[in-house]
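A short worksheet on the structure shown next.
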Amino acid sequence: MEQPLQLDALIFGGGITGLWLLDALHRSGHRAILLEAGNLGEGQTIWSQGIIHGGLKYALKGRPSRASRMIRDMPMRWRRCLAGESTPDLSSSTMRGEYCCLWSLPGFRSRIGLLGARFGLRVRPRPMPQSERPTPLRNWGGPVSRIDEQVLEPHSVLAMLADQHRPRCLQIDTRSGLEFLHDAPGDVTTVRLLNPETSAPLDLAPRRVIFAAGGGNAQLRRDCGLSEHAMQLRPLHMVMARGGLPRLNGHCIRGTAPWLTITSTLDCADRIVWQIGGQLAEDCVDMSGEETIARARRDLKQAMPDLDLSATDFSTYRADRAEASNAARRPDGPVSIAEGNTLTLWPTKLALVPMLSDRVMERMTEPAGFDFDDELLQDWPRPTVALPPWERDVAWTDVHSASPAST
Ligand SMILES: Cc1cc2nc3c(=O)[nH]c(=O)nc-3n(C[C@H](O)[C@H](O)[C@H](O)COP(=O)(O)OP(=O)(O)OC[C@H]3O[C@@H](n4cnc5c(N)ncnc54)[C@H](O)[C@@H]3O)c2cc1C
């Protein structure tokens, strides 16, 4: 066995957290490698709606909350990266939209919510003239606002970062090709890998081990003697719709919560696909796909009476939000737990990843000046970006005619 490869940092997990951090570490001269067990972004990032929240949805009760204060600077931070004015340079990534629409079902509390949401936020709702509204909202009786929360295409952001850091991203097989050697719980001395294609061994000796594996963090923590109970999973049952739909990104508010959160993307056949989340996805966790689709159709008709769904097919997918344990409630912000030389990370929201990355960078010591030849890892397989749910082999059902539609 060769001498272990010395590293400043070893990252587990190539979702948005791991890739963003890899970029930051690399730029600051740290020797870092990222290990990915499956496909990049699988679990959350690739399933996400890509909204760079500015805190509005956490302030709908009419006053700014701790969560809304934590996230309010994130839209500006991302905007600079997406414009190529800050690092990482994400200027060539694809956007789903530059803003979200906001409208509420008639009702006193909803209107108060929209007004109250203005307090303390950096991005605020502004009235949207009728001529600028998306078609299904053009004749909506109540006010429609625009909020400058950008919506990004998670696949393209992951692909950009992975491309730039390809030499430093390695595919691993966690079942038979990964072993931790640790002195005390969380004090990792060596990470022992086997090349998934050739079975050649590789030992890594990282000064810092970073768990950025979303729902995979629990197992990684167990593997090096740490408690797996630091993590909670909160499930969602998301709806997808395609066919005859216009582009629309936005939230329909009911009461003081986003009832339907809709984002639009294009599939590989250039069809507009809607991802539909919000309260719907929380309420339908225990429902079947058919029940969830029936509920989604009803809710969509109520939120947009002018929307024509006669040519629309539906499907659903389930996804767990992996977060730091917080009595089954969403933590207010990103969480990092330091134990031994490990750091376990959960951003809580994609939008909060820059803040989490800054916190990690503050904890890093100066680069040790380790040097090794990237060619050493040349034969190692590289991970690819996960497919979004609408490109997978899922059944699309046209509930209207109760017949299966083509994939
Ligand atoms: C349906 C849904 C919609 C969402 N919408 C939004 C939104 O609009 N805006 C927003 O801000 N947030 C949103 N979120 C939250 C956001 O997606 C997550 O907070 C964020 O993507 C988490 O990123 P991550 O990189 O930490 O984890 P993940 O994206 O889960 O990435 C983890 C990575 O680790 C890999 N991995 C797993 N186990 C191991 C292992 N043992 N070793 C190595 N690698 C491993 C996985 O394959 C994956 O690549 C949404 C979440 C969901 C589920």
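Every number here is computed from the coordinates shown, using simple stated rules; none is lab data. Quantities reported herein were computed from a predicted structural model and do not represent experimental measurements. Cβ placement follows ideal geometry from the backbone for every residue including glycine, while neighbour counts extend to all protein chains displayed.
What the table below lists for this structure:
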| item | result |
| --- | --- |
| Helix axis angle, 289-303 relative to the chain longest principal axis, alpha carbon, degrees | 50 |
| FRET efficiency estimate (nearest 0.05) - Cβ-Cβ, Lys61 to Glu132, R0 35 angstrom | 0.80 |
| Alpha-carbon Debye profile of segment 156-293, log10 I(q)/I(0) at 0.14 Å⁻¹ | -0.92 |
| In degrees, nearest ten, helix 16-27 long axis to first principal axis of the chain (Cα) | 50 |
| Rounded to 5, percent antiparallel among DSSP beta bridges of the chain | 70 |
| Inter-centroid distance (Cα atoms) of segment 220-245 relative to segment 365-389, Å | 25 |
| Mean-position separation - Cα centroids, segment 1-15 and segment 61-92, in angstrom | 30 |
| Lys/Arg +1, Asp/Glu -1 at C-beta; segment 278-395 dipole; positive extreme among Ala338, Ala303, Thr316 | Ala303 |
| With at most 10 other Cβ atoms within 10 Å, longest stretch of the chain clear of loop GluC sites (Glu not before Pro) (DSSP) | 86-407 |
| In degrees, nearest ten, helix 154-164 long axis to first principal axis of the chain (Cα) | 30 |
| Filtered trypsin sites (Lys or Arg not before Pro), segment 307-396: DSSP coil and at most 13 other beta carbons within 10 Å | Arg329, Arg392 |
| Spherically averaged projected area in nm², based on the convex hull that wraps the Cα atoms of the chain | 20.2 |
| Trypsin sites (Lys or Arg not before Pro) within segment 182-289, DSSP loop, no more than 16 other Cβ atoms inside 10 Å | Arg247, Arg271 |
| Length-normalised contact order for the chain - Cα pairs under 8 Å, 6+ apart - percent | 23 |
| Within segment 6-80: Cβ-based charge dipole about Cα centre, in debye rounded to nearest 20 (Lys, Arg +1; Asp, Glu -1) | 700 |
| Karplus-derived 3J(HN,Hα), 6.51/-1.76/1.60, for each residue of segment 219-232, Hz, glycine and proline x | 5, 4, 5, 4, 4, 10, x, 9, 6, 7, 7, 6, 10, 10 |
| Cut-off under 5 Å, modelled amide H: who pairs with Gln232 long-range | Glu323, Ala324, Ser325 |
| Contact order normalised by residue count of segment 1-71, Cα under 8 Å, 6+ apart, percent | 26 |
| Rounded to the nearest 20 debye, dipole of the chain from Cβ charges on Lys, Arg, Asp, Glu | 2540 |
| Within segment 353-385: backbone nitrogen closer than 19 Å to the Ser325 label point (7 Å, Cα to C-beta) | none |
| Cα Rg, Dmax (largest Cα-Cα span) when computed across segment 192-233, Å | 12.8, 36 |
| Mean separation of Cα contacts under 8 Å (6+ apart) over length of segment 182-311, as relative contact order % | 18 |
| Electrostatic dipole magnitude of segment 254-407 [Cβ: Lys, Arg +1; Asp, Glu -1; Cα centre; debye, to 20] | 820 |
| nm² value of the averaged projected area, convex hull over the Cα atoms of segment 1-57 | 5.7 |
| Cα point-scatterer Debye curve for segment 1-110, base-10 log of I(q)/I(0) at q = 0.11, 0.12, 0.24 Å⁻¹ | -0.53, -0.61, -1.38 |
| Rounded to whole Hz, the Karplus (6.51, -1.76, 1.60) HN-Hα couplings of segment 44-52, x for glycine and proline | 9, 3, 6, 8, 6, 8, x, 7, 8 |
